[in-house]
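For reference, the structure is listed below as structure tokens.
The values are calculated or read from the model by the stated rules, or taken from the named source; none is laboratory data. Quantities reported herein were computed from a predicted structural model and do not represent experimental measurements. Backbone-built Cβ (ideal geometry, glycine too); neighbour counts: all protein chains shown. Ligands, DNA and RNA are excluded from the accessible area calculation, which covers all protein heavy atoms including side chains. Shrake-Rupley method; radii C 1.70, N 1.55, O 1.52, S 1.80 Å.
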Amino acid sequence: MPRHAIYESTRGFDQIDIEDELMKSREIFFVGAVDTDTCNEMIKQLMYLEKLDDTKEITIYINSPGGCVSDGLAVYDMIRLLNSPIRTVCVGLAASMGAILFLAGDIRQMLPHSEIMIHDPSYSRADIGGQKPHEIQHRLDSLNETREMLAQIIAERTGKSLDEIYKVTAEDSYYKAKAAVEFGLATEIISKER
């Protein structure tokens, strides 16, 4: 997929990298799975923009199905530690850890037809075959600690109680833009009038 734009100048045709141009405007993208590579790239971009000017807003556009909790929390923590004001914009879907990244923003905007999904964490493809009961219990205890940590983040950012969050995260809970604002996940919906 092309990541360059071609334009005509007095020198002929030039190529510019679209992401570099957007970075100059302090706009970055988190698109795809939350994993080590995407999170490390995001942290580097955030650190670079913070170093340039920690008083100007950074906008992060998010379209992610989620992924690794530990990688996502590294980005969440980095965002919350920055001095730069952070605006997150949901374009498409911010699900699971993608939703947690979205919640890191000071201003949290959604496009009119975008969606957020929150739920309890799970082990993907966990194989407990051959494990002893105490080993399985240890994994469950760890998963419950992660569940509590994520629920606290959601509660803090939405203003809801932990009990309210546990009720909605027991299953996959999807929120269209209007419902996300009403629940406190988002602060506003972006419209043309704005």
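A few remarks follow.
- Pairs are defined by a Cβ separation below 7 Å, a sequence spacing of at least 6 or placement on different chains, a first member in the stretch 167-194 that is among the basic types (K, R), and a second member that is at pLDDT 95 or above and not in a helix (DSSP H, G or I); the pairs so defined are K176/E115; K178/I189.
- Residue in the stretch 58-75 that is in a helix (DSSP H, G or I), at pLDDT 95 or above and more than 30 Å from Y123 (Cβ to Cβ) present: no
- Condition met for M97 (of a type in the set (A, V, I, L, M) and either open to solvent by 30 Å² or more (accessible area, probe 1.4 Å) or out of contact with any Gly (no Cβ under 8 Å at 6 or more places or on another chain) (or both)): no
- Reported count of residues in the stretch 110-146, each being free of Cβ contacts under 8 Å to residues at least 60 places away in the same chain, in a loop (DSSP other than H, G, I, E, B) and open to solvent by 100 Å² or more (accessible area, probe 1.4 Å), is 3.
- Verdict on E164 being exposed (fewer than 12 other Cβ atoms within 10 Å of the Cβ) and free of Cβ contacts under 8 Å to residues at least 60 places away in the same chain: no
- Residues of the stretch 147-168 that are over 16 Å from L101 (Cα atoms) and among the β-branched types (V, I, T): I165, V168.
- Test: residue in the stretch 30-43 that is at pLDDT below 95 and in contact with a Phe, Trp or Tyr (Cβ under 9 Å, 6 or more places away or on another chain): no
- Here F102 clears all of (1) part of a loop (DSSP other than H, G, I, E, B); (2) open to solvent by less than 10 Å² (accessible area, probe 1.4 Å) except the condition numbered (1).
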